[in-house]
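The values are calculated or read from the model by the stated rules, or taken from the named source; none is laboratory data. Note that the structure is predicted; figures quoted are calculated from it, not measured. Note that we place each Cβ from the backbone using ideal geometry, even for glycine, and neighbour counts take in every protein chain shown.
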Amino acid sequence: MNDNKMATDLNIDQIKYSDVFDLKLSKRRPDSTLIIGLSAAVCLIVTALVLTGTLSAFYNIPAILLVFLGTLAVTMISYKSTDLARTLSECIELLAPKSANNSDACENILHLARYSKENGILALEKINNSISGDMFLRRAISLIIEGTNAEALEKILTQEMHEISQSRRTSVEVLRRLAEVAPSMGLIGTLIGLIQLLGNLNSPAEIGPAMAIALLTTFYGAVLAYMVFAPLAAKLEINIAAENTINQTYRRGAISITKQEHPHTLAMYFHNSSSRY
């Protein structure tokens, strides 16, 4: 909510007719911290293995199949294929997420409130047709243009916010489930390796491969869980919270426009909301 402070510094009287067409809509930009973090983690491990001179020793096909495919297979039991596909899509989008912030959202809705106050609610249709990349804002403006009353508007937008959030939180749950399963599959691989090892104590040639599976499955499981799945789940959850805050701002602004409140009233609401934090 601290972003609201920047928006409330905006002088409502300075918003001009032409400014409203320059809304600060969300655009996808590479997430440098995520990309650098993942790359650095991978590079550190690879560098450590190379320095030991045993990089090839950490490549074991049976261990890879057991942990990677096993983790995916077990997770598939708990979720629908659509949930898994959505999770994959969400993870790809994390590399280049929407760059919107609540400060821009406050400023956008204040522009729209002033424009509708001066030109009438129906005039928003021209602007709505040019909005892309923020479907929630576009949906809110469409409901305003259709003449939806404030109570119904709040109910509809609240329900849509819940559905958006719930859908994305399912992806967080999938990633957390993957983070839980990966070490477990590593443990299963360790047990398999130990059983093979103990069953072939009289065959020295079989001890090495069995020990490799026992240790490498644990290694693969830990890397997947704590370097990939858990960080991605945390990142996605942060993005969901930010998106929900922005949608709350648009919902409050849409209600204000529907009630035909003065833009100063909306600006004061944002100011009072930010001052509580």
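Screening THR75, THR87, THR71, THR82 for residues that are polar (S, T, N, Q) and in contact with a Ser or Thr (Cβ under 7 Å, 6 or more places away or on another chain) leaves exactly one candidate, THR87.
Residues in segment 190-246 that are more than 30 Å from GLN159 (Cβ to Cβ), part of a helix (DSSP H, G or I) and either hydroxyl-bearing (Ser, Thr, Tyr) or not assigned by TED's automatic domain parsing to the domain that holds LEU137 (or both): 5 in all. For ALA40, are the conditions met, namely being exposed (fewer than 12 other Cβ atoms within 10 Å of the Cβ), outside the structural domain of LEU191 (by TED's automatic domain parsing), over 30 Å from GLU163 (Cα atoms) and over 24 Å from the mean Cα position of the chain (by Cα)? Spelling it out, it is not the case that ALA40 is exposed (fewer than 12 other Cβ atoms within 10 Å of the Cβ), outside the structural domain of LEU191 (by TED's automatic domain parsing), over 30 Å from GLU163 (Cα atoms) and over 24 Å from the mean Cα position of the chain (by Cα).
Any residue in segment 155-167 that is more than 21 Å from ARG252 (Cβ to Cβ) and either assigned by TED's automatic domain parsing to the domain that holds ILE121 or not in a helix (DSSP H, G or I) (or both)? The answer is yes; a qualifying residue exists.
Residue check: is ALA100 farther than 15 Å from GLY253 by Cα and in contact (Cβ under 8 Å) with a residue 24 or more places away in the chain? Yes; evaluated as a whole, the condition is true for this residue.
Only residues that are on the phi > 0 side of the Ramachandran plot and among the β-branched types (Val, Ile, Thr) were counted in segment 103-159, giving 0. Here is the figure for segment 262-271: residues that are surrounded by 15 or more Cβ atoms within 10 Å (Cβ to Cβ) and without any contact (Cβ under 8 Å) to a residue 60 or more places away in the chain total 1. Check segment 73-82 and report whether any residue there is more than 26 Å from the chain's Cα centre (by Cα) and at negative phi. No, segment 73-82 has no match at all. Checked against (1) in contact with a Pro (Cβ under 8 Å, 6 or more places away or on another chain); (2) surrounded by fewer than 19 Cβ atoms within 10 Å (Cβ to Cβ), ILE213 passes all but a single condition, namely (2). Being of a type in the set (Asp, Glu) and touching a residue at least 24 places away in the same chain (Cβ under 8 Å) is a property that holds for GLU180. The sole residue among GLU154, GLU125 that is surrounded by fewer than 16 Cβ atoms within 10 Å (Cβ to Cβ) and of a type outside the set (Lys, Arg) is GLU125.
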